[in-house]
Each structure stands twice: as C-alpha cells, then as structure tokens.
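S.K.: Okay, here's the structure, questions in a sec.
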Protein chains: 2
Amino acid sequence: MGGRHFFLRGPGREDPARHFIVRDDRVMNLSDKDWDELAQDSGAAESGAELRALMDGVIAAPNARTGDVWTQLCDPVPDAAVLGRLNNALAQHRAAVDPGFTQGPAPVSRLAALREELKRRGLAGFIIPRNDEYMGEYVPARADRLPWLTGFDGSAGTVVVGLEKAAIFVDGRYTIQVRDQVDTEAFEPRHLIEEPAAGWIAETFEAGAKIGFDPWLHTQAGAARLKQAAKRAGAELVRVEGNPIDAVWSQQPAAPISPAVPHDLAFAGESSADKRRKLADSLAEDGADAVVLTATDSIAWLLNIRGSDVPNCPLSLSFAILNADGSADWFVDGRKVTTSTRNSLGNAVAVHPIESFSDALTKLGAAGKTVSADPASAPCHVFDTLKASGATMRQAEDPCALPKAIKNSVELAGTRSAHRRDAAALIRFFKWIEETAPGGGVTELQAIAKLRTLRGPGEHYRDDSFDTIAGSGPNGAIVHYRASETTDRELQQGELLLVDSGGQYLDGTTDVTRTVAIGEPSAEMRERYTLVLKGHVAVARARFPKGVTGSQIDPMARAPLWARGLDFDHGTGHGVGSYLNVHEGPQRIAKSHSAVALEPGMILSNEPGYYKTGAYGIRIENLVVVSEVQTPPAGAERELLEFETITLAPYDRNLIGTAMLDADEMSWINAYHARVLAEISPFLDPETRDWLVKKTATL
Amino acid sequence: MGGRHFFLRGPGREDPARHFIVRDDRVMNLSDKDWDELAQDSGAAESGAELRALMDGVIAAPNARTGDVWTQLCDPVPDAAVLGRLNNALAQHRAAVDPGFTQGPAPVSRLAALREELKRRGLAGFIIPRNDEYMGEYVPARADRLPWLTGFDGSAGTVVVGLEKAAIFVDGRYTIQVRDQVDTEAFEPRHLIEEPAAGWIAETFEAGAKIGFDPWLHTQAGAARLKQAAKRAGAELVRVEGNPIDAVWSQQPAAPISPAVPHDLAFAGESSADKRRKLADSLAEDGADAVVLTATDSIAWLLNIRGSDVPNCPLSLSFAILNADGSADWFVDGRKVTTSTRNSLGNAVAVHPIESFSDALTKLGAAGKTVSADPASAPCHVFDTLKASGATMRQAEDPCALPKAIKNSVELAGTRSAHRRDAAALIRFFKWIEETAPGGGVTELQAIAKLRTLRGPGEHYRDDSFDTIAGSGPNGAIVHYRASETTDRELQQGELLLVDSGGQYLDGTTDVTRTVAIGEPSAEMRERYTLVLKGHVAVARARFPKGVTGSQIDPMARAPLWARGLDFDHGTGHGVGSYLNVHEGPQRIAKSHSAVALEPGMILSNEPGYYKTGAYGIRIENLVVVSEVQTPPAGAERELLEFETITLAPYDRNLIGTAMLDADEMSWINAYHARVLAEISPFLDPETRDWLVKKTATL
C-alpha cells in the first residue's frame, strides 16, 4: 500500500533520534582532548572535530537495521570499551543538537530570517518543495526544510515565500492538518490541485522580480512550470547557489551517515559487474558514453549495496555515473564506505566524494560526451550542468528501473522465503488480536508495537518496510492514516481493524494488508469485504497475454465494487523491490495510464479496498509475482502470463459472504488457504498451528 | 467495426462512377451551343462551360443518397424533359472523362512527369500522404493522388519521391497488396512502422536538398516529424504552393459537388443556432475570438447540414469558422448550397467560396484575433497562415467533438428507431442465408447485394454506413477484408460467415456484426464464438462509475479470450455518429490509452472478435448508448453508468456453447433475445416472425 503512485503517503518527517539506541546511561562531559583521544582510539576519525562531524551524520540516520553502528563505521572494529565510550559520546553530542523541529507552527522568526537572506541575495521570493535532491519517498532531516520553516510535516506540499506574503500548497489529505500545524497568518494555506502554486506566483510577484529556486530540488519539468508561472507575472525564475534556508538554519542536521554494506550475491542473484556490463552494452548501442543515476534505489541495485540513511528503505544517499565501458563512478560520503565494501565493489567502481559530483558532470561535458539522464527523477541541476559544459544530452528512463523491477530467480526464491517467515509473524499477530482485542484494552499503537515484536526476530529481518498502518473503526477509512498518541483508539467489538504492514528482510521486502473483524461484523461490512475480496481474487486469478499493462488489469479489481456503485480512490498495485523500496516502478496496476507491460519476474501488490468515511476501512493486499503460465490451455495462441501470489496469510472467514462468491472464487480461496496452512505450519508452534488449521478450513 | 481507430480500414479509392445512375440510354453529341442552351434551360449554370464544370463535380461525387441530383442542384427544379437532357449530357460528359486510375501499377510516365515538375520548382523531392485536406476517413477521387501516381489503392500509406529514387510506405495489412499494385522498380515498398519514412528521408536526400510538402495535407505534428527527418539529412522541408501532382495530372477529377441539404430539427434535436451559441459562449469564456473547424463531420453537426460528397458518410466537404458571437462563416462550393439550405442556415451563417478560406484566416490574424484550432485534425496550413498573419493561436480539441458525441434525446430516440428498422432487414437477411446458403451457390458478393436490397427500402434509409464486410471461411479471418471479384467465394457447409454492415438513416447510423454458421459448426468454432460472446456480454452488462474511460472497459471484452491464451488485434468499440460518420471520437473502447470519460448519450460499438488465420473469423457487434443507471443498487455511493444495447438482432444459437455461460450471462442473452422478438416482430412478415420466434427462444 501507499507510496507516491497511490497518493496515500510519502515522506514523513523523520525524527532523527527515533530509532537511536543509547547503549550506556552515563553521559560524560568530554573535553576537546577527550574527543581527540576517542577519535584516535576508535580509528573512525583523525580528530575530535572529525569524530563529532561523523556523529552529526550518525545522529541524522535511523540505525534500526545496523545494530552497533560503530562496528561498521570504524576500521578496524574497536573493542567493547571503546564502543561504550563512543556510544556515550554520541549520547552527549546528540543532547547538544536541536535541529529545531516543532510540534505545531514554527517560529515566524525563521520566515523573517529567510526573507532577510533573500533580500541579501536580491531575490523577491523563493520556492521550497517537500523533496530532497534524491527525489525519493523518504527525506532525511537535513532536507526537511519545509517542515522546519513552517511546522507542517505532511508528506507532500510546496511553500512559496515572497517578501510580503507566503503560501503553503497542500493536497486534499492535508487541508485540515495544515491549519493545525502552520501559522496561517504567515503562510496562506492553498489547495495544491485547485489553486496551484503557479497561479499564486503569477498573481503575487511583480514584473521584474527575481524568484529563486534550488535546481537540486526540482525536475526539469517542474522548473519549467515554475518558470512559466514567473513569466506570467513578468518575473524571472533564477537558480540559487546554495539553498537560502540552509544559510539561516543554524542547527540544520547533517546529511545522514550509515554504513554502506555489500548486498550479498546470495540475495542479489547477479553481480554488480554483470549488471553493469549489460547496461553498459545497451548504453554503448545507443551511442551514449555515460548515464547519470540519481535514484538511490537504482544505485543500490546496480552496485549491490545497501545502507540505512533513511528509515524503511535500505538506501545509501549518493549519486552515480555508469560509463559505457561498464565502470562506474560512485559519489558518496566516503565515511559510509568501509574497506570491505570497497573490496566488494572491485576496481571498476571508483568511490568519489559526493561534493565532486557536479565537477564530474562538468568534466563529462567538457570531454564532449553523450550523456543520458532520467528527466522524471534527476534534478534539473544535472541537466543544466551537463548542457552548460557541452555534453550532448539524452533524456531516457533510468536504465536500472526495468531490470531492477524484473527479479531474477535468486531474488524470487528469496522473497518467497521472506514471505513465509513474514506470514508466520502475521499469523501469530492476528491470533493475538483475535484472543486479546475483544476483551478490550488493545489500542492501535499497541497492536503496531506487538506486530513489530513478532516480526523482529525473523531471520534476515532488518526493519519494517514502512510504518505499520493500523486503522480501527473510522480510522480505517482514512486511507493515509498513521496512528499517533492523539488519534490512537481502543479496538472495539463490532469494528473492523485494517492492518497494512511489511518487513525488510535481506532476502526480500514484504507488504501485506489484512482486515479483520473484532467480534461480530455487520452484514454491510461482510458484503463490502466480500466485494473487495472478489476484486482481489479476480486479479489473483487473472491470465493475460504478454504486452498487457497494469492499467488493463486494474478494472478487474474494481468491477465487483463498480457494479454496486462503489470504488476506491487509490491504485490497485505498486511494484515492490528486493530488499529495497516497498514502492518501485515502472510497473503499476492503476486507473492512470501505464505504458509498461507486465513482465515475468515483476513483483506487484494486489490491494483493492473500500472505505466508508467515519465508519470503517477495508483493504486486502497480497504481493504477486508476474509469471509465465506453465501449462497453457489447449489452443492458446499468445504467450500467457499470470500472477503467483506470494503473500500467505488467511483472509478473515468471518467477513466472507460465501453466498456472494461463485464456484471459481470459492475454490481459489480454499486452495489459497490450503497453501497457507501447508507452507506456514512449519514455522508455527503447535497452538498457533491449530489456530491456523481452523482459519484455513474449507469454506 | 473498422475505421482509423481500429486500423482495419480507411479510405478506399472511390470509383467516381460507382453509384452513378444514368437515366436515359441515348447519349447525344452536344455542341457548345447545345450546352449553353441546356445551361439556360436548367437554371443550374450561366453557360455551357459552367454546366460542364458543375458536371465535373457531380461526377466526382457518389450520388446514391441524392436520387435525382438535378432536383437539388438546379433552382428552380427543372421539368422532366430538362432533367432527361441533363442526365443525357452528364452521361456524355462522363464518358469523356478518364481520371486515369489503374488496376495495377500506374504508368511510370506519371512519376517522370512529377519529377520534371519538381525540378522546375527547384525541389529534390516531394511527400505524398494518402489523406486529403479534410483528414477524414473517405477521400474523394480528386485527392487520390497517391493511387493515381502509384496504382496502390489501400487505405493508408505515404509516398516519398526523390529525383532518382522513390519509396512507398505501407502498414502490415498492405505489404502483399502493394507488390501487386505498384511498380516496385519505381517505388521501393517499405514497412510504414518498421522502416518509417523519416529514416528513408534522412538516408536518401543530400545536404542542402529542398523537399516539398503540401501544407494542406499534413498536421503540424506530421510536418514537424518530416522536418526533423529532413534536418537529419541536412536537407530542408519546404512548403509548396499548389500540389505538384495536380500540375501534372491532366484529367484530375474535380472536387465533388453534391447538394448540401438541411438536416431536419426532427432528427438533429437541437438547432444550429443553439449549438453555435453554446460553443460560442465557451469560446468567449476561454478568451478566444474564433475557432477554425476543418473536420467535416463537426461542420455537418454544427450547421445541421448533410451532403454526399463522399460515400457512406453524409458530408459536405468544406471549412468553417465559428465566431465568439455565435455567427459562423462557412467556406463551401456555393453550387452545393441551394436556396432552401441558405434559408435554413439563417443570417448568422455566411456562405463564402471555399477558395476564400485562406484569406479569411489571414484577416483574422491581421485583426489580431485569438484563434483556436485542433492540432490533431487541422492542416498545418491553417496554423501557419494564422501565425504568419499575426493571430494569437490556441491549440485545442475541436469543440464540436464532445457535444457531437453526446447525443441528445431526439437523436437517441431516432437511432433507437433506425436500429429497429435496420434489425428487421438484418433478420430477413439471416433467414435468407440460413435457407439459401447451405444449398450452395451463394457467394459473399451475392450476400452483400442481398443485404443492400433488404436494407434499401427502409424508412429514412439513405446509404450503407460503410461497405459491407462479408467474410466466409478463411476470408472472415482477414480483419480488413472486402470481398472482390477475385476473392469472392461460395458460402460452404461447416463454415462461418462474418457479416459486418450498417446503414445511414436520416434518424441514425447503424453498425452491426453477426457471425453465423453455415450448416453445423465445429466444436472449436462454438467454443471460440462463446468466448467472444462472453466478452461482448460482459461489456453489455457492465456498470461503472462516472469518470471511467473506454480503456478501462476494454479488458472486460478480452478477459474470457485472454484466459484461453487468445485475443483480437483491434479495438472493442468506436464512437458512432447520428446520421454522420460511423466512426467518430473522442470516446473509444480500446487497449490504447483514452483520457475521455464515457458520458451518458455517447454511442459506442461493442465488438470483440476472434480470428483464426486461414480458417475463420468471429465478431459480434452491437451499438450501445452510455446511460445513467435508473435504479442504482442500495448503498451506491458513486453515480453509476451502464450501456443500453440498441442493436437488436439474434445471436446464432447454433454457435453458443451454453455450458460455458454462467447464469448471469444466460439470463442476459435470453432477456436480449426476448427484447429482439418483442421490438422487431412488428416490422416482420408472419413467416419471418415465426423464424425469429425460434431464433430467440430461451436458451
């Protein structure tokens, strides 16, 4: 569930300390000399100042996946005593850092300081998007410029600041939240779609005004739209050198530092050298000398590297250039890259400081190279720099996107295995819910915590693949719902609970939603659940020729709801990575047009839903793998594909209106439940197995 | 069926004499004086020369719909003696005309003459598309430049002529035909998609070469692609003034002249003044002063005018400008416009000579007007002329397209009525087939002729809406098949016959396909027919919320075939006009992306198929009207739409594998058959009614 394609959620403001574990309670007061000594003893830095800078980055990264971060950032691994000192020092250092994020409106002094900075630079305005330069789903605290300036922490939005007026543009999900979190005297709230920023810009600025934008934070197309809007006002859109917010944000967090570790061939299934060779060959065929990669999951896939710079997605924030000879240049904070990682990369991958990325682009241009980049994901800075230095530009889709989406047999075997372990945790969780919740006292947040405890010990588990959604009763109807202290509620008899969760395992990424009734559901709940289930089963059972796109599968998930005058306002399926992003392209199953044909090996979610505002939400989600039909029907003329369902957890039989199902649907569900029992039983204790036997009995 | 959206057929070469009826056998040899006298007596022209020019146009138009053309082109209507003299003179004049169309390769002398003309103009090449300046489905003989030059009469293709080499580009349907019809020494055949003209242009021409194109015959986008191709060769694409083929085609037919007659309000349902007012209001709202209309069906709809300048579509070839005050300027050969038509148009529609169209565009520009035109259908000449003269251009979809597609209640009542009369003819036809064909001796062409005789006497019938497709046995599997003397074959026992046909009635346009078995079909035929029928019924029964597009309906028609590894390579449905084009947009049901939501009042075809090469073809086609669901299901939350099926002819029960149908499908078919019987019986003789009772009995 979720993700950009679905407009359900996106980057949330990450509390940099959220996952941080302090190993020692003693907090010392270190002198400069102590810091220097600790640096020397740790082998992690040359000086105390360097060690503190390293810690700034460590603090800025979640480290749930990395265990003791020092064992991977120090070379050689320090002894236990030094590790203790490092953790103490980290705790002390962290306590001194206050990036200045607020609950509620940010101090208006920040806006005033920004305006002074703009005046100093001769700018009449500045545009602040929500994303960072990697354009990914999660934004590190350092790039949380919009939340720092305004207090708004929604996943999408744009702020335009003028010298007198400012406005914040948010979509329909956030029109209420923005008024709670933002000083609306300072920032006029506007609807992103109905009153887009372009119109406000055209109205607000005067002829001749210079409006700044940070070319690292906008795509070419985005910048072109802003340029057009500025032009309508007779104003001019100008690039800034250095983001003006960074200039006035005194305790801006550092860029996150987490170990960049090799992703084992036993999980990746193909060496980086082989991947690079294939891509390089088609680059050369297309007459290009190099391709610039700015999507961090593409880089992770290509180099077989994983990091933990942001929560939930095992990414190392960095840039890369793949050359037509198969060599690569990786632009990354060198402190993340341990000796073993460097060794695993081999000689054909050169590691460069991330600050040298722009210079490298300029060099490509100066050498007259033909360079490709993806206009959908690369910052316009990349195109501008290459063009300005004389490169011949090619605009093409990120060449990693499609091969990354088409999993190899090792990745598929891995994800099947990960899904079995994940299902075992999920089954234990729903047994616990069934036994505990009807008695009262279980809240959404408690359920989330319980699920995390059950998933945590799983083999190869590293993190959740996104923040679990647990929506009970009316909260289930809020599609982008995240439980918080304020919204948390007790699960109640006669209500539905929607739980959407997933895990990051070294061998695969999971994403699963089940909706269960607490006690006895109403007839309407059962009817609606069964309609959603019919759509879900229609997708699961679909057979279709090669060439079919997700747009053509999407109506199958909706037809049963449509016939009753119902629908759901999100996509039916998104791509899923292999120990990578839980939302990836280029394939999807959605109403919106997709030109990407489904190909064997692609992983997608199958997750229709139904949401009754103020009452309940229903969503049923399995991951599926696009597969060739092994035994095509007699007379088949086209190559046939189908979906292999890899998520294995029972549907709530208490919610299934069997009278509404036809024989084919019934037999599919019965066969699926039999498979769940057969495949997951080995992972269960006898009591849970007995429970599962009942839950998966023939309908 | 058919049409551009489907890539099944398109403009065929129209034999200008095909529908022409000579009323008198005596062919006189008229002197110039006789001609002058006849002109005077007829009231149709001032002089014999003018009368002959008028006859050139009459000869160039099909006149199946118009009966005696002179009663509408002469004012006042001449007496019977003069009518006889006119028809005699027409026959004499016609005999003297030879436009030079060939069966098989055209004389290469034409290519030589064209090259001389190009040299004279300083051109190194010239590009000849298949279409005319109206970009419609049917091209009048005058614009059949490509067939005249090459001999190729397929519906799509492009010729590029250089001074040394020439090539003809055709799509997959015509790769064999082109070698039969064209001198391949003179014109190298190329595959339009796999070896597009752009590549050949880039390879063939030298730097500095000037390649001509006729700006009336290309859209802006098309011209831009050619420009790009020329640029790759270092050559230049240049506009020609006057088509060079016209300069060397000695007996080029005239532009067709047929009466432009008012389309009665009793059929149109809305006056032209009201239509113009609504469009003008939104023009004014958008800040535009005028919109240029070049799509002839849009003009016919807007002015409530019909003509017969081309076969099958009741169009008057012309251009128009709609002004923001609701007035219109119509650019049309004045000889087509009778006094009664002028009266029906009223004062707000000014009739201008078609030759003055370009000047009118220039005047709009010179007056600094803001003018809109449709880049998808308007020749680039329109944009170039407006821009060059200083107009502010707006590119926008033809504003008639959507309101024309959404039929009003009068049009819907009319088409329902037309469909009942059409069904009566069709039922008589299939009774005849069943009784006659199994005995042998009935050929495809005979079947086509029989159907025309049965449809002909229908009230308000004016013409067929396209050339009937009757494909028996293996011919049925050729999707764009048209029977000819060479391909004609006898219907045989155990074979399928696919008949796709339609009528133009004053109150509606029909398009229907039925596939029937001659004698006993094979089990496979029955299985495949039933799969197609299941998809057809799925569309017919579909309910879906407002906002759904045809792309989202399309998979419903294919799912039963897909599940067996089968599919069909054309769209599922096209829009249909109201006594207008049998293929119209903007809506469609197809795999390809459509952004146009289905709206109540739109007429579409529902025509899945299956084609087994070398064996048989199956297609089942009804027209449907998008309608609001009158009694939505309890709890419906979205506005629901469905399809009302308006074609009423039985399916061949001999081909229905009832065991493959579920209860809902069976009951839909039974209810449909009951409706056919109830609604069409009143139009049938007792014997045919008895036959229909058997054919529509409960399955």
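S.K.: Could you figure out which of (1) within 13 Å of chain B (Cβ to nearest Cβ); (2) loosely packed, with under 15 Cβ neighbours inside 10 Å; (3) assigned to a helix (DSSP H, G or I) isn't true of A:ARG675?
M.R.: Single failed check for A:ARG675: (1).
S.K.: For B:TRP70, all conditions in the list (1) without any contact (Cβ under 8 Å) to a residue 12 or more places away in the chain; (2) closer than 28 Å to B:GLN504 by Cα hold save one; what is the number of the exception?
M.R.: (1)
S.K.: Next question. Taking region B:391-407 only, how many residues are assigned to a loop (DSSP other than H, G, I, E, B) and either over 14 Å from B:ILE321 (Cα atoms) or over 19 Å from the mean Cα position of the chain (by Cα) (or both)?
M.R.: Qualifying residue count for the region: 5.
S.K.: I need the full set of residues from region B:124-147 which are part of a loop (DSSP other than H, G, I, E, B) and either under 22 Å from the mean Cα position of the chain (by Cα) or of a type outside the set (A, V, I, L, M) (or both), in order please.
M.R.: Hits for region B:124-147 are B:ARG130, B:ASN131, B:ASP132, B:GLU133, B:TYR134, B:MET135, B:GLY136, B:GLU137, B:TYR138, B:VAL139, B:PRO140, B:ASP144.
S.K.: Take the residues of region A:634-648 that are away from chain B (no Cβ under 14 Å) and of a type outside the set (S, T, N, Q): which is surrounded by the fewest Cβ atoms within 10 Å (Cβ to Cβ)?
M.R.: Top of the filtered list is A:GLU644.
Okay, residues lined up against (1) surrounded by fewer than 21 Cβ atoms within 10 Å (Cβ to Cβ); (2) free of Cβ contacts under 8 Å to residues at least 40 places away in the same chain:
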position: B:ARG179; (1), (2): yes, yes
position: B:LEU192; (1), (2): yes, yes
position: B:ALA221; (1), (2): yes, no
position: B:ALA235; (1), (2): no, no
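S.K.: Still on this structure, please answer the following. Would you be able to tell me the number of residues in region A:609-633 that are assigned to a loop (DSSP other than H, G, I, E, B), within 14 Å of another protein chain (Cβ to nearest Cβ) and not polar (S, T, N, Q)?
M.R.: 5
S.K.: Turning to a different aspect of this structure: Do we have any residue at all in region A:582-590 that's at pLDDT 95 or above, charged (D, E, K, R), outside any helix (DSSP H, G or I) and within 30 Å of A:ASP264 (Cβ to Cβ)?
M.R.: yes
S.K.: Right, here's the next one. Any residue that is in a strand (DSSP E or B), more than 14 Å from chain A (Cβ to nearest Cβ) and buried (at least 22 other Cβ atoms within 10 Å of the Cβ) - is there at least one of those in region B:526-534?
M.R.: Among the residues of region B:526-534, not one is in a strand (DSSP E or B), more than 14 Å from chain A (Cβ to nearest Cβ) and buried (at least 22 other Cβ atoms within 10 Å of the Cβ), which makes the answer no.
S.K.: Going residue by residue through region A:293-309, is there one that turns out to be surrounded by fewer than 22 Cβ atoms within 10 Å (Cβ to Cβ) and either in contact (Cβ under 8 Å) with a residue 60 or more places away in the chain or of a type in the set (A, V, I, L, M, F, W, C) (or both)?
M.R.: No, the conditions are met nowhere in region A:293-309.
S.K.: Go over the candidates A:GLU599, A:GLU637 one by one and state the one that is in contact with a Gly (Cβ under 8 Å, 6 or more places away or on another chain) and either part of a loop (DSSP other than H, G, I, E, B) or free of Cβ contacts under 8 Å to residues at least 60 places away in the same chain (or both).
M.R.: Going through A:GLU599, A:GLU637 in turn, just one is in contact with a Gly (Cβ under 8 Å, 6 or more places away or on another chain) and either part of a loop (DSSP other than H, G, I, E, B) or free of Cβ contacts under 8 Å to residues at least 60 places away in the same chain (or both): A:GLU637.
S.K.: Right, another one. Tell me the residue from B:ARG85, B:ARG110, B:ARG94 that is among the basic types (Lys, Arg) and either assigned to a strand (DSSP E or B) or closer than 24 Å to B:LEU315 by Cα (or both), please.
M.R.: None of the other options fit; the residue is B:ARG94.
S.K.: Here's a check for you: in region A:148-162, which residue that is outside any strand (DSSP E or B) and hydroxyl-bearing (Ser, Thr, Tyr) is nearest to A:ALA186 (Cα to Cα)?
M.R.: A:THR150
S.K.: Can you tell me which residue among A:SER605, A:SER594 is more than 14 Å from chain B (Cβ to nearest Cβ), of a type in the set (Gly, Ala, Ser), buried (at least 22 other Cβ atoms within 10 Å of the Cβ) and under 22 Å from the mean Cα position of the chain (by Cα)?
M.R.: A:SER605
S.K.: Could you list, in sequence order, the residues of region A:332-350 that are without any contact (Cβ under 8 Å) to a residue 12 or more places away in the chain and among the charged types (D, E, K, R)?
M.R.: A:ARG342
S.K.: Related question: Residues A:ASN670, A:ASN654: which one is touching a residue at least 12 places away in the same chain (Cβ under 8 Å), surrounded by 15 or more Cβ atoms within 10 Å (Cβ to Cβ) and part of a helix (DSSP H, G or I)?
M.R.: A:ASN654
S.K.: If we keep just the residues of region B:541-565 that are within 7 Å of another protein chain (Cβ to nearest Cβ) and outside any helix (DSSP H, G or I), which is farthest from B:LEU661 (Cα to Cα)?
M.R.: Residue satisfying both the conditions and the ranking: B:PRO545.
S.K.: Follow-up. Take region B:491-522 and flag every residue that is outside any strand (DSSP E or B), over 19 Å from B:GLY573 (Cα atoms) and touching a residue at least 60 places away in the same chain (Cβ under 8 Å).
M.R.: Once the filter is applied, which keeps residues that are outside any strand (DSSP E or B), over 19 Å from B:GLY573 (Cα atoms) and touching a residue at least 60 places away in the same chain (Cβ under 8 Å), region B:491-522 yields B:LEU506, B:ASP507, B:GLY519, B:GLU520, B:PRO521.
S.K.: A follow-up question, please. Within region B:566-591, which residues are within 12 Å of chain A (Cβ to nearest Cβ) and among the basic types (Lys, Arg)?
M.R.: Hit for region B:566-591 is B:LYS591, nothing else.
S.K.: If you scan region A:427-475, which residues turn out to be aromatic (Phe, Trp, Tyr) and part of a strand (DSSP E or B)?
M.R.: Scanning region A:427-475 gives a single hit, A:TYR461.
The values are calculated or read from the model by the stated rules, or taken from the named source; none is laboratory data. Keep in mind the model is a prediction, meaning the values are calculated, not measured. Neighbour counts run over all protein chains shown; Cβ positions are idealised from the backbone, glycine included.
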